[in-house]
Every structure is written in C-alpha cells, then in structure tokens.
1. Assuming R0 = 30 Å, what is the FRET efficiency of Asn675 and Asn629, from their Cβ-Cβ distance, to the nearest 0.05?
2. Over what distance in Å are the Cα centres of segment 146-206 and segment 79-105 separated?
3. Given the protein chains as shown and a 1.4 Å probe, how many square angstrom of His65 are accessible, to the nearest 10?
4. Each label point is 7 Å from the Cα along the Cα-to-Cβ direction; what then is the distance between the points at Val597 and Asp219, in nm?
5. Give me the percent of the accessible area of segment 224-310 that comes from carbon and sulfur atoms, probe 1.4 Å, all protein chains in place.
6. If packing is taken as the average count of other Cβ atoms within 10 Å, what order do 260-272, 471-483 fall into, highest mean first?
7. Please state, rounded to one decimal and in Å, the Kirkwood hydrodynamic radius that segment 276-406 gives when every pair of distinct Cα atoms enters the mean of 1/r.
8. What length, rounded to one decimal in nm, is gained on full extension from Thr340 through to Asn555, with 0.36 nm per residue of separation minus their alpha-carbon distance?
Amino acid sequence: MAAAGPTRSRIGALCRQLLLTLSILSFACDACKQVILHVPSKLDAEKFVGRVNLEECFKSANIIHSSDPDFQILEDGSVYTTNAVLLSSETRSFTILLFNTDSQEEKEISVLLEKETQVQKRRHSKEKVLKRAKRRWAPIPCSMMENSLGPFPLFLQQVQSDVAQNYTIYYSIKGPGVDQEPLNLFYVERDTGNLYCTQRVDREQYESFELTAFATTPDGYTPEYPLPLIIKVEDENDNAPIFTETTYTFMILESCKVGSIVGQVSATDKDEPDTMHTRLRYSILEQLPSSPTLFSMHPTTGVITTLSSQLDRELIDKYQLKIKVQDMDGQYFGLHTTATCIINIGDVNDNLPTFTRTSYEASVEENTIDVEILRVTVEDKDLINTPNWRANYTILKGNENGNFKIATDPRTNEGVLCVVKPLNYEETQKVTLQIGVVNEAPYSRETSSRSAMSTATVTVNVKNQDEGPECNPPVQTVRIKENAPAGTRSSGYKAYDSDTKSSTGIRYRKISDPKGWVTINEDSGIITVFRSLDREAEAIPSGVYNVTVLASDQNGRTCTGTLGIILEDVNDNGPYIPKQTVVICKPTMSSAEIVAVDPDEPINGPPFDFSFRSSDSEVRKMWRLMKINDTAASLSYQNDPPFGSYVVPIQVTDRLGFSAVTSLNVVICNCITENDCTFRTSGRTGNGEVKLGTWAILAILLGIALLFCILFTLVCGTSVINKQPKELPDDLAQQNLIVSNTEAPGDDKVYSTNGFTTQAVGASGQGICGTVGSGVKNGGQETIEMVKGHQTLDSCRGVGHHHTLDSCRGGHVEVDNCRYTYSEWHSFTQPRLGDESIRGHTLIKN
C-alpha cells in the first residue's frame, strides 16, 4: 500500500481559505538539500507555514538565518512569515543557513514553496510511481494541522493494498473519530482508499487518533492484515498562557536587602509542551506608584525580587504591579495574558517612640500611695497595635527609694506614673525623675543604646499634710533589771508631731501588755513596774518583754509603736539537773553522765561545781562524782551495790556561788542499755515494776471476756429444778431401769436432768448430790425412774440446806459418804448402760 495524491482538483477553494500542509521530501543522497512546503497562494503576516527538522541536518548550529526576509526560522525549525506573502508564480524558494561559530561549519537547506495545483500533480505522479513499485501493505505516518480551515472534507492520504492490482478491493476504517467518539470525524472512500477529515480538530482535545484500516474483497475475503493508522494533530499556537491566579498578593518587610525575594508567579499553556508555543516569558508591564522602580521579575521563573533597599512602609505601604506572560519565548507575535500583583510592605521597628514633650510636672500629697499622678504620651510612626508601636516606659533616675512606678496603658499607649510608696514632705519636697521609652520589639537599625531611647524629665512636687503623731522609730527599747521592785520607773515610748518634731500634746496608752507587768503614764509615756519582772519566764523570748503603745494627738490621729523592755539578768536561779532519773546498766557501765543547766545568762552560769548535799556517809561511800567539763559530771558507784533504785542528792553551784540541790533517782539495773531496763521486772532492780504492753493488756481483756461468756452459757444451760420433793428408793441395790427398745426417745424413756456431781444450790433447795434416781417429771424434763422403793432424797432435805444421801438413811454422814453412795450407784448402772438392749436410753448428769 502507498500514499498518493487526491483524484480531484480543488483549485477554486485555494483562493478562499488558507491551507497549510507540510511535506518534507528526503533524497537518498542528502536529507538537508531541499524541503518542499505546500501553502496557499496568500499568506498573512506572522503566519505559521510549516516545520523543518533542523537536527537531521546540523545539530550543533547556533546561528539560523533565512535568505528571504519575508520568512523567519525559529530554533525548533518552525517557519513563520514576517510579512504578508502573495505567491504570484507557482513556486517560491529560499535558503536556510545553519552555521556553528565554534567549528566554523555551515550547511544550507533549500525550502521550496508550492501552490496547491502543483501538489496535485506531484501526488498523481507519486501514485503512478508507487503502483509501479508495488509497495507492500504497511502503515504510513500521517498528520494534520489543528484548527485547519479546510476545505472539508479535507484529504489526508490514501491507503492501498498491492492486492488491488489483481483483485477488487474495498477499504474501511474503525477507531476513535470513526465509530468511536468523536464520531464521523474521519472516513475512507471504499473503492479508492482516500482518507478524509470532515471538520477541524483541536489538538488540546485530541493529540492523535489511532485508526485501523481494513482491505477486503467483495465476497468478504480479507487478503491483508488490519493496518494501524496513526493521525497526529500538529499543534498551532492557538492558546495563550494563563496565570494561575488573576491577582497575586505578597508581603515584603520594609528596609529589606536588595535582591530579597518577594514571591513567585506562574502560568500554564495548553499548547504542545516543549515547543515554542509553550516557552513562556514573564515581565512587569507597570508599577504603581511608578517611581522609583523597586521590583524586577525573572523572565523564565517568574520570581519577583527587590531592586532597592529603600522600601519604607511609613511612606508607601502597598505597591501594585501589572505583570505579563507571553509564549513563543516572548517574541512580539507570541500570545500573552496579564495579571495583577499586589505587594504589601510589612512593618519593622525602624521608628523610635518619642515623647511629645521633653519635660512634665506633677504633684502629690505626702503619705498617699497607689495614686496616678501623671500621663505621658509618645509618637511612633510604626504600625499601630503591634510590638513595633507599643511602648515600654521606665524610670531611669530619681526613683532610688522606689516611690514611683510607670506602666503602659494598653489602650492608649500612654505612660501612667503612679506613687507606690508614700512620700514624706518633711524629708523631700520635690522629686525629679528621668523617664525613658522604647518599643516592645527591638530596634531594627544599628545604633547606640542611648540614641535608641527617647527621654523626658518629670518634676514631682510633694504637698504637705497634717499627719498627726509619728511613731519613729516604731520600735524603742529600755533596760530594767529583772526582779526590780514594784514602782520602779523608766523612760517609756516617745512619739513626735511630724511637723513640730515635739512630743507636747501627745497622749499614750497600752494596747498589749501580756503579763501586766508595767503601767504607762498617759501624758509622758513613762512606764512604771507594776509586778516583779522575771527574765526567765516562758513568755519572754531572748530576755525582751514587748509592750505595744498607741500614741494619739488632740485631733484623734494615732500611730502605733512597740516598746521593748530589755530585762537585765540577775543571778536569781541556781543550776539544776533536768534529767532526774539516771539508769546505770551494771553489766556494761559503772557510771552515768549528768548535765546541769542554769536559766540565767552565761555570766551568771557555768562553770558549775558538783557535790553531794547529803551528810550521810553511806552516800559518799557508795557514790563518787567526777567533773567532766563546765556543765557535766560523771556519777559512778563504789563497793558493788546491789540492783535497785537509790536517791542521790547532788548540789550544783554556779560561778558566783549560787547553788541548788537536785535529788537524782539512780537505778542500778541488770541490763544492756538504759531502754532495756525500763521493761525489766522488779527482780532485776529489787523493787521494779511490771509494765505490760498494749497487746498484753488486750489479750488479758479478751480472756476475761471469754470467761464471762463461758460462765453465762453454763448459767443459762442449767435447768430450773422443781421445788416438789423427788422420791428415792430405799433399796438402792435392787433398783432397775425401765428398758425401752425404741431408738428414738419415747414416753417411756428415763434419764436424769441433773448430774451426779456434788454441788451447792443456794435458795433452790437442791441437795448437794442432786436428785438421784427420781422418776418424777419436773418442768417438762424426764428423770430416771426407780422400780422399787418409795423413799426420796428430797423428803429428807430442808430448803436452803445441804444434805447427803446417807443422811436420809438415818444419821449425819460426811460428804465423802455421799461420794461413796454415788460410786455404788455408778458401779451398779454402768454395766447395764453398756448393754445393747438399752442403747436408746440416755443418762444425763447435772
């Protein structure tokens, strides 16, 4: 199969519409020798004519030149008209010159432009050649220009099978654009194989079409395999590049460096990638305000940078740029669009806050605090309500005593000066302050610390005020010897009038006197001892007794002070031994250390002298004292005394000879440690005490409670004995039990409700031996019946008395006789109770 020209002439349509067809004929000898382009007879300016493959001829050319000024050659081989061209003759030719400046090598490509009539002739001649060559059925590359103006149907190429030379062949096609979307875009003539396009095609919608051609005989035989046909849609620069946003917004800080990046813009182009149609160039068309030019744009990346470091937000806070993007690498005939770019200038702290005045004056009454006395204002050109604008005030000089404080009002940014510590007019009538102000954010420009701060002077006048009495100093002291007699007078507390510095007219009274030891003169403040003073009292820490005094003037204004009475020590306390019980573990130690103390001051205290107070020679023989240091001595025993507790009186004398006697309780114990001796019994010490622990006491209490529970159970279990006399047979040896052979208790069962033990029962009238062998039912309980005899034990018994069994038989018998009788009874009944015939009977002893 081969490509051939159309069979019909279309000369009349060439004058009405533009037709662009590219056909490159390559000769076997030289592919760069000649290129033929088929064009309409009239070409407009800046019109795409066709494309020449330059790389097949010369890949390293860096200069491309056209011999005809009406035509321009781009780097990718695209041929454009620079002016309107009218082909007066059938053909027109020009030469493309390719030159490499490095290797000095050059090549030429001859370009021939032919009208449509010449194309038809060439196609007819080509068809004859192909038929003579008998080319095989094979795919032929085919292309068409997008947005072609026709005329339609537009001939594309011819498909033909070699079998058609001998047989009738019908041609058909299938695929996208035929029987698939878009439908009916292509068709093929059944008999000739001519392929046509019915309408214009947009490459951005369909880049190519993959069709399948079929060759069949009239009877349906298929002599050829299906032929794939690829129709490529050649791109036309019909889409202008579009910015990704219609309006860009960027921010750049003022005073930034030259070359700082503001932002980047970008655009897209729907035309074929990697061609001149999508090679974009960015540029800035306009800047508002226009002067001076502060921004530039990189032509290929779209990055916007600064050209100057003089951006000042306080002068202009926003710039607007009109930007453009153009394809065809920015050439004048390329398509373009525009967008808007808004650049906001960000604020930095490049303006210092300054006071609106250099000096201020204010006044305040003395003794007032937490009051506002002045507000100062500043000016700052930076952005309002930002750290670059908000002010921080400080007092630089004049506030050494901490009387003032200055703070920022967050709403107005003013500095508020307040008094936080009272002023005294009598001490200071005027205060001069130096205040300074800075921003919250650090200053952005390099400068010295002094020039980066604005300062102002504030003069504060202190107003006098009638203050009343002044208790200054608030704590005053006097010295009085302890044990001073009642009525002793001493200078007391003194308050002064703050204006006259005089105590005249000031009256005093006590607010607090814990012990009630002194009185105070109302007019002079002099104190008088009311009770004897004791320095060693518990409420006197460090020997100072505090009395709170209230001073008032004639107008009722008051002040409060403290009078500290320093009690001077008198040697009125002898030294004593605080630990009055001493334990000596005889197996491990032979002495014990005793320590003495003296409540008086050290001048009246140690060193101490230890001695035995008792004149008893036995004490001196048994004990020995040895001084260890100024406040301690060692007490040791002599002559191996026995374990026990001993009273040893010891006299301790201070350095001034004042003494006191302490009677020590010395325990000589058979122990290892002193604590061990505490839990020993009296056998260890001779008269020791037994000490029980908590758990031992609880165990004893639980035992007692258990005994009470057992006793209560026994009392409740004892049955009440009927007061009626119970009979006892006199012939005890011949008595028999009534036998019952039933296993369960019946009416004929016999048993005793009481045991055969000896017991006394107070007022109940029972015998000491209980009821033996009685067959009488009493209180719902059954007893053992005796078969013979009618004598009863209770008939001989008196109420409230104790009897025995034998006493009933005639005569007084001891209790042992009763026990003997019980033994007889036990020996008589036991063998019988063991017999199986009387297993159902029960003998209960009380």
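1. Working from the Cβ atoms, E equals 0.75.
2. With segment 146-206 and segment 79-105 each reduced to a Cα centre, they are spaced 33 Å.
3. 100 Å²
4. A separation of 14.3 nm, rounded to one decimal place.
5. 56 percent
6. 260-272, 471-483
7. 19.8 Å
8. Extra length from Thr340 to Asn555 when fully extended: 69.2 nm.
The values are calculated or read from the model by the stated rules, or taken from the named source; none is laboratory data. None of these values were measured; they are calculated from a predicted model. Glycine gets a Cβ as well: all are built from the backbone with ideal geometry, and neighbour counts include every protein chain shown. Calculation scope for accessible area: heavy atoms of the full protein, side chains included, ligands and nucleic acids excluded. Shrake-Rupley method; radii C 1.70, N 1.55, O 1.52, S 1.80 Å.
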